[in-house]
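Colleague: Input: one structure, supplied below.
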Amino acid sequence: MGVVGEAFTWLTTGSNWQGENGVWNRLGEHVLVSSVALLIACAIALPIALYLGHIGKGGALAINISNVGRAVPVFAVLALFMVSPLRNSGSVPTVIALVLFAVPPLLTNAYVGMRGVDSAVVEAARGMGMSGRQVFVRVELPLAYSMIMTGLRSAAVQVVATATIAAMVGQGGLGRIITAGFNTYNTPQVVAGALLVALLALLVEGALVALNRLIDPAAAPAAASGGTGPRRTGGGLVKTETVTTALTGPALTKTASGTAPTDTTPRKTV
């Protein structure tokens, strides 16, 4: 039996899933720390990125500052926290380090998505009388949605995978299974722990892809109109975008060929 077979045997042994050092407990610790870090990163990065993308100022500076967190190794940050007063704060050091790691992809993708919205579509919406808030909520945000979700998926998978390093400084999570295997020279346990982390990352990615398809603002108009709603290309560029008023009124259509907005309101003949 090879190492993979022995790892499978380890995973199917019920005693390895029970107790403080069991898989279920370590999985709960891993999911909790990753979820808290991702939520905090979203609360920090998304409002800043969306606002700066809306006004079109300060985005480059914000992205460069956030990338500092990507340049600093997570393990180094954790090691520094372990010699600070935060070492007795439970999972706080791990959460802070993961937040620094998750902010850059969230902020960068959200900002790029907002700035990638066709300016002609925005001007058409303003010409219809939409306020700045309405343009943000009904035009810019739906069109930037694809890039925002891409950043969220990237950050989520990175956080889940990187949270494993916390075990190297004595924190919890699935990484403790791997480090315990190293300490006891139990290679099947190391492989089993790595498989658990990889499987969790894949499940998170799949869940976010399903959520994306469920709440995508471009999907509902397309389904309601028989597939004639807004469409995005693979690179996130809009081929055809339709902006409508909140209540009733003309629809302005902007096509990829750059044609001017047209008023589709029926006119009376004299």
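The values are calculated or read from the model by the stated rules, or taken from the named source; none is laboratory data. This one's a predicted model, so the numbers in the text were calculated from it and none came from an experiment. A quick note on method: Cβ atoms are made from the backbone with ideal geometry, for glycine too, and the neighbour counts reach across all protein chains shown. Quick note on the areas: whole protein, heavy atoms, side chains included, nothing else; ligands and nucleic acids left out. Shrake-Rupley method; radii C 1.70, N 1.55, O 1.52, S 1.80 Å.
Colleague: With respect to Ser131, determine if the residue is over 25 Å from Leu39 (Cβ atoms) and either free of Cβ contacts under 8 Å to residues at least 12 places away in the same chain or under 23 Å from the mean Cα position of the chain (by Cα) (or both).
Modeller: Yes, satisfied.
Colleague: A further question follows. Considering Val112, Val103, Val95, Val117, which residue is surrounded by 16 or more Cβ atoms within 10 Å (Cβ to Cβ) and not in a helix (DSSP H, G or I)?
Modeller: Only one candidate passes the filter, namely Val117.
Colleague: For region 52-92, which residues satisfy the criterion of being under 22 Å from the mean Cα position of the chain (by Cα), closer than 29 Å to Phe136 by Cβ and open to solvent by 70 Å² or more (accessible area, probe 1.4 Å)?
Modeller: Once the filter is applied, which keeps residues that are under 22 Å from the mean Cα position of the chain (by Cα), closer than 29 Å to Phe136 by Cβ and open to solvent by 70 Å² or more (accessible area, probe 1.4 Å), region 52-92 yields Leu61, Asn64, Ile65, Val68, Arg70.
Yes or no, residue by residue, for (1) closer than 17 Å to Ala163 by Cα; (2) at pLDDT 80 or above; (3) in contact with a Leu (Cβ under 9 Å, 6 or more places away or on another chain):
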{"site": "Pro47", "(1), (2), (3)": "no, yes, no"}
{"site": "Gly53", "(1), (2), (3)": "no, yes, no"}
{"site": "Phe75", "(1), (2), (3)": "yes, no, no"}
{"site": "Ser91", "(1), (2), (3)": "yes, yes, yes"}
{"site": "Ala110", "(1), (2), (3)": "no, yes, yes"}
{"site": "Met114", "(1), (2), (3)": "no, yes, yes"}
{"site": "Ala120", "(1), (2), (3)": "no, yes, no"}
{"site": "Leu141", "(1), (2), (3)": "no, yes, yes"}
{"site": "Ile148", "(1), (2), (3)": "no, yes, yes"}
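Colleague: Please find, among Arg87, Arg70, the residue that is without any contact (Cβ under 8 Å) to a residue 12 or more places away in the chain and assigned to a helix (DSSP H, G or I).
Modeller: The conditions single out Arg87.
Colleague: For region 166-207, enumerate the residues that are of a type outside the set (Gly, Ala, Ser), open to solvent by 50 Å² or more (accessible area, probe 1.4 Å) and in a helix (DSSP H, G or I).
Modeller: Of everything in region 166-207, those that are of a type outside the set (Gly, Ala, Ser), open to solvent by 50 Å² or more (accessible area, probe 1.4 Å) and in a helix (DSSP H, G or I) turn out to be Met168, Arg176, Phe182, Asn183, Thr187, Leu195, Leu199, Leu202, Leu203, Glu205.
Colleague: Next question. How many residues are of a type outside the set (Asp, Glu) and open to solvent by less than 80 Å² (accessible area, probe 1.4 Å) when one looks only at region 1-22?
Modeller: 13
Colleague: In region 165-214, which residue that is at pLDDT 90 or above and among the charged types (D, E, K, R) is farthest from Gly151 (Cα to Cα)?
Modeller: Arg176
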